[in-house]
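The values are calculated or read from the model by the stated rules, or taken from the named source; none is laboratory data. Small disclaimer: the values here were computed from a predicted structure and weren't measured. Please note: Cβ atoms are built from the backbone with ideal geometry, for glycine as well, and neighbour counts cover all protein chains shown. All accessible areas refer to the heavy atoms of the entire protein, side chains included, with ligands and DNA or RNA removed. Shrake-Rupley method; radii C 1.70, N 1.55, O 1.52, S 1.80 Å.
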Amino acid sequence: GTLLLFGCSSTKPSLPELGARFEPKNVYRAMEVLPGDLQRVVLMPVTVATPELATLDHRNQLARILEEELRKAHRFEVVRATPEELRRGFGKESFSAGETLPADLLSRIQSAHSADGVLFVQIASYRPFPPVAIGWELRLVTADQGRTLWSVDETFDASQAEVARSARDYFRSHHTGSAELADPQADLRSPSRFCRYTAQTVWQTLPQR
């Protein structure tokens, strides 16, 4: 064991420790602290920017990770609008914040879920093979008026040193396995692990509670 550990520790890491860490820059916040009356938010089904962007399997996996990390952020109660519910009510399974929405979409979601806000999620870009990359377009609006409280449009690309360093920092502090076995470089190659880093990072930019 000692020899193996010694051998590992003498290997030069492929990414220098020193250097800038990635900070999302394309973030809009209407306020620094969320309004007191924003308690329950409806998470809309994930959309993709182009039809060929993500297979359904990947889309569902990324959506699940994104929701798990949103719940961990503890900003508000999260309830889900389902594709089936939207198809029944509006003839379409998902909506992105950038498209023209049905005039009564927000008000009907508000009444169906007793919601104070609605959160739109789009996978803007996705590369599941190394170097992994994922782009998110997210927008939180008030359910009564559709006013944007927060939005982020950010691409995380593991080929960029700042992103790779930030992701590696995240993997080190969130690794579930034995510390000796943690391999940040392997995590950088894992779409699901990288997605979790990106999700935690974007939700941290939400206004505080």
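Here are a few things to note about the model shown:
- Neighbours by Cβ (under 7 Å, 6+ apart or cross-chain): first from the stretch 132-156, farther than 19 Å from MET31 by Cα; second among the aromatic types (Phe, Trp, Tyr) and open to solvent by 20 Å² or more (accessible area, probe 1.4 Å): ILE134/TYR126
- Only one of the numbered conditions (1) small (Gly, Ala, Ser); (2) surrounded by fewer than 18 Cβ atoms within 10 Å (Cβ to Cβ); (3) touching a residue at least 60 places away in the same chain (Cβ under 8 Å) is violated by ALA115, and that is (2).
- Checked across the stretch 90-97, the condition of being closer than 22 Å to ARG193 by Cα and either open to solvent by less than 30 Å² (accessible area, probe 1.4 Å) or not in a strand (DSSP E or B) (or both) holds for no residue.
- Residue count, the stretch 174-203 (criterion: at pLDDT below 85 and of a type in the set (S, T, N, Q)): 3
- Selection within the stretch 34-45 - open to solvent by less than 60 Å² (accessible area, probe 1.4 Å), under 16 Å from ILE109 (Cβ atoms) and in a loop (DSSP other than H, G, I, E, B): LEU38, MET44, PRO45
- Residues satisfying the stated conditions in the stretch 60-75, i.e. touching a helix residue (DSSP H, G or I) at 6+ places or on another chain (Cβ under 9 Å) and outside any helix (DSSP H, G or I): ARG75
- Verdict on ARG75 being under 26 Å from SER190 (Cβ atoms) and of a type in the set (D, E, K, R): no
- Hits in the stretch 146-161 (condition: touching a helix residue (DSSP H, G or I) at 6+ places or on another chain (Cβ under 8 Å) and open to solvent by 20 Å² or more (accessible area, probe 1.4 Å)): GLY146, GLU154, ASP157
- When TYR126 is tested against (1) surrounded by fewer than 21 Cβ atoms within 10 Å (Cβ to Cβ); (2) more than 21 Å from GLU77 (Cα to Cα); (3) of a type in the set (Ser, Thr, Tyr), just one condition goes unmet, and that condition is (1).
- Residue match in the stretch 57-75 (condition: modelled with pLDDT under 95, over 18 Å from PHE156 (Cβ atoms) and surrounded by fewer than 16 Cβ atoms within 10 Å (Cβ to Cβ)): yes
- Every residue from the stretch 15-35 that is in contact with a strand residue (DSSP E or B) (Cβ under 6 Å, 6 or more places away or on another chain) and not β-branched (Val, Ile, Thr): PRO24, ASN26, TYR28, ARG29, ALA30
- Test: residue in the stretch 132-149 that is in contact with a Phe, Trp or Tyr (Cβ under 6 Å, 6 or more places away or on another chain), among the hydrophobic types (A, V, I, L, M, F, W, C) and over 24 Å from PRO35 (Cβ atoms): yes
- Selection from the stretch 23-56 of residues that are among the charged types (D, E, K, R), at pLDDT below 95 and within 28 Å of SER166 (Cα to Cα): GLU23, LYS25
- Pairs, first closer than 12 Å to GLU154 by Cβ in the stretch 188-209, second of a type outside the set (Val, Ile, Thr) and part of a loop (DSSP other than H, G, I, E, B), C-beta under 6 Å, six or more apart: THR205/PRO24
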